[in-house]
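Peer 1: Input: one structure, supplied below.
The values are calculated or read from the model by the stated rules, or taken from the named source; none is laboratory data. Remember, it's a predicted structure, so these values are computed and weren't measured experimentally. All Cβ positions, glycine included, derive from the backbone under ideal geometry; neighbour counts span all protein chains shown.
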């Protein structure tokens, strides 16, 4: 209870104003404090994220296999990324996946968050927990369950639908349907995560805003567009970036469901990275492809930030 | 404590060099052996290792059971830091890529030595170990794909002896394909014919060979998949599947296994483990060789190889070779065959030697017609992907000639890389 | 659908009793419809989970039988028995707790310290540092796995809990997440404490952290679940099975020829997910409330 009063948001004064943070007069001590707070995390991140990233960057200019002998090959790996037709296809597939996954996952998560947040709904805690379950089951068994449902010969869904004369095709082996199916399963697996984050944002919206909107005669949809959505814009900016990063790194669900097929129609960039790195033992090329992905993600995220994040500038300190 | 650990990270991280663990000068040479035999076969293999350890004092092998998939996913990382095993078993098609990247020890001298007990090994099995003319492994498994069939359902269709030619086979499949409600989708299929990702990737290699064709030439340098023979073969099977619906399309090997165990398919091409699955599913099954095509009776083999990794020191290599030689002894090979349920790897082990296990005896009968799959081809993944695309599209109604022309280019590109 | 249900009352307060009663009835009916509709949606979403649960109780002959059935026709505990006889279950679960719990504890401490600095201690380059930290999320782990492994190996930490846990003792997502939360806490409180002469660490420890407990729980659950379910990491860093986790242990459940005995697999998955479900149920209330107040703004 105390926490909720404390967390009530209020307009912040710009730093340096009266009552704002007093600058520490001792510059050296201040820097020491900053370093003290950052050091543990930064040491870990430098050692186990930064250094490996630099190693990978170096490898991306070599023909390393992982076993020692490496020859400097300059930009050859990068040139191959942009000339190999199967890699270009994987880049296209990844873009398609991200374009499908990100909006669908976020809309599903937001709608369900609104639903389990609505006072109209009884047993809300039960529904919240239940809807979070797909996120916590392991992907391998989830993949079994989905294929048990979707199998065109011995699957449950087909068997049920047959009774009413409908026959679903082999969706995971149809080049046109495999990608949408994989996206569907991925959305199912991860919406719970985004839902919880949205729930967060929702509960932070002051009730008084809704009351004011109601007095103005706004109906449910208008209240959503005029109050909920604008108030969620910061949450949205965060979630969009996180979901985009996840989508551009799509791997697990594809690996277990289609293995990239049929005819490479669900082959993504990270599938290529995995195959070239761990199957073909071409670590140098896998590293180059990873860096291309990193740069692309960074650029897209910046665009997202500019697009969504303009208004809520309090993300930046 | 955390702070201490953290500073340790930095210090050794900057130092960045690994200290080589010196091999213990006294006592036996300790070797680690990764393998993926997770079932009863694993117990037998670990028993063989124990017997080896007990048979001498110089070498002590410690087996670690993982799955084949886990070995493939973790071997590279482990070897990159010298933390890997000295001996590793892996699916045979994975060996060439590790060998070509110098992760495995060249065993030519081992093979040349009489005491290695390699002279009697099945030459087709040894072909799996050969990359660029040198040998890098010892076979631990080599088993022909075979047909598993539901005896009761074949008998119900009046078929008492299993077909020996393609035409008989397709006729039997037609006879057991049942579409009672006439909606064009049978309730029971005569055959589960996977069109991609097949068991051991060998179903289509077997069929092509039966029709007189091949995927690559013998030394794995030239693509030969676009041939008149292969076009005939692919057309033959695409017709049987499309016109007579003897099998669903879009199956991979695992789907086909499930279709057979569910009772919806009467015949299925599989490996020896199907005996266990069929028993679990309560199917009265039989095993037969893949029927002969117009040109040959051929079945592609599922292979497993065992190799010595390059991280092994010289002493460890010598010790590992001792174990390989022991494994190749006739008595051990027979024990391993019976325990694994796979035919013996030595040609001097006869069906009578292994008649204690009916499956092994049956498989041994026709194991001399089995062929290694794409021996020595480093980039077998891309070759098989190209072939899969052609077969899957052909069974879905594509033109075999065009598809094989496209596959030819893709296979050649994979071989050239 | 929400829009019709929660349409605000525009009738003046002096509405007749009859209208109120009718509205009341309508409200009850719509509420019931809403519940039924939502139950159907939830059931559809839960179908795969239900399949997992029910398959765990099917005998092997029924797992792939045709016609397929949702519930077993014969219920059996054989799959659970197989799990306990084939895997050192207690040890694997224990290892999972040490690994996922260890990572979670370290990450919460280290991430919150760093997040505090990024949110509260205005220093030069903080924004650049934040971007660099977020950018580190953008490289797929497949690319850095081998360099990380080489480092862990150089440290002699392969097959130790240190090697499993410490590389993940801080993570960029957690820092980003907590920073956003700290930003939303009013500064008046910590400023008051500063004026009273409290050190930065004291402000962090006694003022900010107590108010951030819900956010820490939220991040804790995310971190714990992700590590508990992680497969490749424990497989790569524990070449011997002594330190394997339950998730990595389940991969050993392949049958001959690499065919996975599905029923046993589902039983194992069910047991593996149970601690997570219980944990989530326990913290669920505060958890939702927490993400709630974190707001990520």
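Peer 1: I'm trying to understand the selection: among the residues of the range C:200-211, which are within 8 Å of chain A (Cβ to nearest Cβ), free of Cβ contacts under 8 Å to residues at least 40 places away in the same chain and over 26 Å from residue A:197 (Cα atoms)? Please lay out each step first, then the result.
Peer 2: First pass over the range C:200-211, keeping only residues within 8 Å of chain A (Cβ to nearest Cβ): C:200-201, C:204, C:211.
With free of Cβ contacts under 8 Å to residues at least 40 places away in the same chain added as a condition, the list becomes C:201, C:211.
Hit for the range C:200-211 is C:201, nothing else.
Peer 1: Criterion first (surrounded by fewer than 24 Cβ atoms within 10 Å (Cβ to Cβ), in a helix (DSSP H, G or I) and touching a helix residue (DSSP H, G or I) at 6+ places or on another chain (Cβ under 7 Å)) does residue B:325 satisfy it? So that I can check it myself, show each step before the final result.
Peer 2: Working: surrounded by fewer than 24 Cβ atoms within 10 Å (Cβ to Cβ): yes; in a helix (DSSP H, G or I): yes; touching a helix residue (DSSP H, G or I) at 6+ places or on another chain (Cβ under 7 Å): yes.
The answer is yes for residue B:325.
Peer 1: Moving to a separate point now. Residues that are surrounded by fewer than 22 Cβ atoms within 10 Å (Cβ to Cβ) and not assigned by TED's automatic domain parsing to the domain that holds residue C:184: list the helices (runs of 4 or more DSSP H) wholly contained in the range C:77-158 that include at least 2 such residues.
Peer 2: C:78-86
Peer 1: Conditions: (1) in a helix (DSSP H, G or I); (2) within 14 Å of chain B (Cβ to nearest Cβ); (3) crowded, with 21+ Cβ neighbours inside 10 Å. Residue C:239 meets all but one. Number of the miss?
Peer 2: If we test residue C:239 against (1) in a helix (DSSP H, G or I); (2) within 14 Å of chain B (Cβ to nearest Cβ); (3) crowded, with 21+ Cβ neighbours inside 10 Å, just (1) comes out false.
Peer 1: Any residue at all in the range A:130-144 that is within 19 Å of residue C:246 (Cβ to Cβ), in a loop (DSSP other than H, G, I, E, B) and at the interface with chain C (Cβ under 7 Å from one of its Cβ atoms)?
Peer 2: yes
Peer 1: Out of the range B:151-166, which residues are assigned to a helix (DSSP H, G or I) and surrounded by 15 or more Cβ atoms within 10 Å (Cβ to Cβ)? Step through it out loud before you land on a result.
Peer 2: Here is the first cut: in the range B:151-166, the residues assigned to a helix (DSSP H, G or I) are B:151-156, B:166.
Passing the criteria: B:151, B:153, B:154, B:166.
Each row is one residue, and each column tells you yes or no for (1) modelled with pLDDT of 90 or more; (2) within 30 Å of residue C:124 (Cβ to Cβ); (3) over 30 Å from the mean Cα position of the chain (by Cα).
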residue	(1), (2), (3)
A:20	no, yes, yes
A:35	yes, yes, yes
A:43	yes, yes, no
A:50	yes, yes, no
A:57	yes, yes, no
A:70	no, no, yes
A:98	yes, no, no
A:104	yes, no, no
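Peer 1: If you don't mind, another one. Quick check, is residue A:112 assigned by TED's automatic domain parsing to the domain that holds residue A:270, in contact with a helix residue (DSSP H, G or I) (Cβ under 9 Å, 6 or more places away or on another chain) and at pLDDT 85 or above? Reasoning before the result, please.
Peer 2: On the way: assigned by TED's automatic domain parsing to the domain that holds residue A:270: yes; in contact with a helix residue (DSSP H, G or I) (Cβ under 9 Å, 6 or more places away or on another chain): yes; at pLDDT 85 or above: yes.
For residue A:112, the condition - assigned by TED's automatic domain parsing to the domain that holds residue A:270, in contact with a helix residue (DSSP H, G or I) (Cβ under 9 Å, 6 or more places away or on another chain) and at pLDDT 85 or above - is met.
Peer 1: Is it fair to say residue B:139 is part of a helix (DSSP H, G or I) and either modelled with pLDDT of 90 or more or in contact with a strand residue (DSSP E or B) (Cβ under 6 Å, 6 or more places away or on another chain) (or both)? Show your work before the answer.
Peer 2: On the way: part of a helix (DSSP H, G or I): no; either modelled with pLDDT of 90 or more or in contact with a strand residue (DSSP E or B) (Cβ under 6 Å, 6 or more places away or on another chain) (or both): yes.
Answer is no for this residue.
Peer 1: Quickly run through the range C:43-71 and pick out the residues that are more than 25 Å from the chain's Cα centre (by Cα) and either in the same structural domain as residue C:277 (by TED's automatic domain parsing) or farther than 18 Å from residue A:158 by Cα (or both). It would help to see each step written out before you state the result.
Peer 2: Applying the first criterion (more than 25 Å from the chain's Cα centre (by Cα)) to the range C:43-71 yields C:57-71.
C:57, C:58, C:59, C:60, C:61, listed by residue number.
Peer 1: Same structure again: Considering B:405, B:309, B:359, B:364, which residue is touching a helix residue (DSSP H, G or I) at 6+ places or on another chain (Cβ under 7 Å) and closer than 30 Å to residue A:274 by Cα? Can you show your working first?
Peer 2: On the way: B:405 fails: touching a helix residue (DSSP H, G or I) at 6+ places or on another chain (Cβ under 7 Å); B:359 fails: closer than 30 Å to residue A:274 by Cα; B:364 fails: closer than 30 Å to residue A:274 by Cα.
Of the residues listed, the single one that is touching a helix residue (DSSP H, G or I) at 6+ places or on another chain (Cβ under 7 Å) and closer than 30 Å to residue A:274 by Cα is B:309.
Peer 1: Here's a check for you: in the range C:193-225, which residue that is part of a helix (DSSP H, G or I) and out of contact with any helix residue (DSSP H, G or I) (no Cβ under 8 Å at 6 or more places or on another chain) is nearest to residue A:138 (Cα to Cα)? Show your work before the answer.
Peer 2: So in the range C:193-225, the residues part of a helix (DSSP H, G or I) come out as C:193-195, C:200-225.
Retained after the next criterion (residues that are out of contact with any helix residue (DSSP H, G or I) (no Cβ under 8 Å at 6 or more places or on another chain)): C:195, C:205, C:210.
Details: C:195: 50, C:205: 36, C:210: 33 Å.
Per the stated criteria, the residue is C:210.
Peer 1: Further, regarding this structure: If only one of C:215, C:172, C:267 is touching a residue at least 40 places away in the same chain (Cβ under 8 Å) and within 24 Å of residue A:199 (Cα to Cα), which one is it?
Peer 2: Details: C:172 fails: touching a residue at least 40 places away in the same chain (Cβ under 8 Å); C:267 fails: within 24 Å of residue A:199 (Cα to Cα).
Result of the check over C:215, C:172, C:267: C:215.
Peer 1: Looking at the range B:30-135, what helices (runs of 4 or more DSSP H) fall wholly within it and have at least 3 residues that are within 11 Å of chain C (Cβ to nearest Cβ), under 30 Å from residue C:147 (Cβ atoms) and modelled with pLDDT of 90 or more? Quick ask: steps written out before the conclusion?
Peer 2: On the way: elements: B:40-55, B:68-80, B:95-100, B:108-112, B:123-127.
By residue number, B:68-80.
Peer 1: So in the range C:159-182, with the set limited to residues that are facing chain A (nearest Cβ under 7 Å) and assigned to a loop (DSSP other than H, G, I, E, B), which one is nearest to residue B:75 (Cα to Cα)?
Peer 2: Going through the qualifying residues, I end up with C:169.
Peer 1: Would the range A:158-166 turn up any residue that is crowded, with 19+ Cβ neighbours inside 10 Å and either at pLDDT below 90 or not in a helix (DSSP H, G or I) (or both)?
Peer 2: Scanning the range A:158-166 turns up at least one residue that is crowded, with 19+ Cβ neighbours inside 10 Å and either at pLDDT below 90 or not in a helix (DSSP H, G or I) (or both).
Peer 1: Then there's this: Exactly one condition in (1) outside any helix (DSSP H, G or I); (2) surrounded by fewer than 16 Cβ atoms within 10 Å (Cβ to Cβ); (3) modelled with pLDDT of 90 or more is not met by residue C:69; state its number.
Peer 2: (3)
Peer 1: Out of the residues in the range C:37-52 that are touching a residue at least 12 places away in the same chain (Cβ under 8 Å) and surrounded by fewer than 18 Cβ atoms within 10 Å (Cβ to Cβ), which is farthest from residue A:163 (Cα to Cα)? Spell out how you get there, then give the answer.
Peer 2: First, the residues of the range C:37-52 that are touching a residue at least 12 places away in the same chain (Cβ under 8 Å): C:37, C:50-52.
With the extra rule that they be surrounded by fewer than 18 Cβ atoms within 10 Å (Cβ to Cβ), the set shrinks to C:37, C:50.
Numbers: C:37: 24, C:50: 21 Å.
That would be C:37.
Peer 1: Looking at the range B:328-339, which of its residues are out of contact with any strand residue (DSSP E or B) (no Cβ under 7 Å at 6 or more places or on another chain) and surrounded by 21 or more Cβ atoms within 10 Å (Cβ to Cβ)? Reasoning before the result, please.
Peer 2: As a first pass, look at the range B:328-339 and keep what is out of contact with any strand residue (DSSP E or B) (no Cβ under 7 Å at 6 or more places or on another chain): B:329, B:331-332, B:334-339.
B:336, B:337, listed by residue number.
Peer 1: In the range A:24-33, what residues are touching a helix residue (DSSP H, G or I) at 6+ places or on another chain (Cβ under 8 Å) and either crowded, with 20+ Cβ neighbours inside 10 Å or more than 7 Å from every other protein chain (Cβ to nearest Cβ) (or both)? Explain how you work it out, then say what you get.
Peer 2: Pass one, the range A:24-33, residues touching a helix residue (DSSP H, G or I) at 6+ places or on another chain (Cβ under 8 Å): A:24, A:33.
The answer is A:24, and nothing else.
Peer 1: Could you grab me the full set of residues in the range B:364-395 that are modelled with pLDDT of 85 or more, in a helix (DSSP H, G or I) and touching a strand residue (DSSP E or B) at 6+ places or on another chain (Cβ under 9 Å)?
Peer 2: Of everything in the range B:364-395, those that are modelled with pLDDT of 85 or more, in a helix (DSSP H, G or I) and touching a strand residue (DSSP E or B) at 6+ places or on another chain (Cβ under 9 Å) turn out to be B:383, B:386.
Peer 1: I've got another one for you. Answer yes or no: is there a residue in the range A:273-291 that is over 30 Å from residue B:394 (Cβ atoms), in contact with a helix residue (DSSP H, G or I) (Cβ under 9 Å, 6 or more places away or on another chain), more than 10 Å from chain C (Cβ to nearest Cβ) and surrounded by fewer than 21 Cβ atoms within 10 Å (Cβ to Cβ). Show your work before the answer.
Peer 2: Quick first cut of the range A:273-291, residues over 30 Å from residue B:394 (Cβ atoms) only: A:273, A:277-278, A:281-291.
Checking which are in contact with a helix residue (DSSP H, G or I) (Cβ under 9 Å, 6 or more places away or on another chain) leaves us with A:273, A:277-278, A:281-291.
Filter once more, keeping what is more than 10 Å from chain C (Cβ to nearest Cβ): A:281-282, A:284-285.
Of the ones still in play, those that are also surrounded by fewer than 21 Cβ atoms within 10 Å (Cβ to Cβ) are none.
No, there is no match, as no residue in the range A:273-291 is over 30 Å from residue B:394 (Cβ atoms), in contact with a helix residue (DSSP H, G or I) (Cβ under 9 Å, 6 or more places away or on another chain), more than 10 Å from chain C (Cβ to nearest Cβ) and surrounded by fewer than 21 Cβ atoms within 10 Å (Cβ to Cβ).
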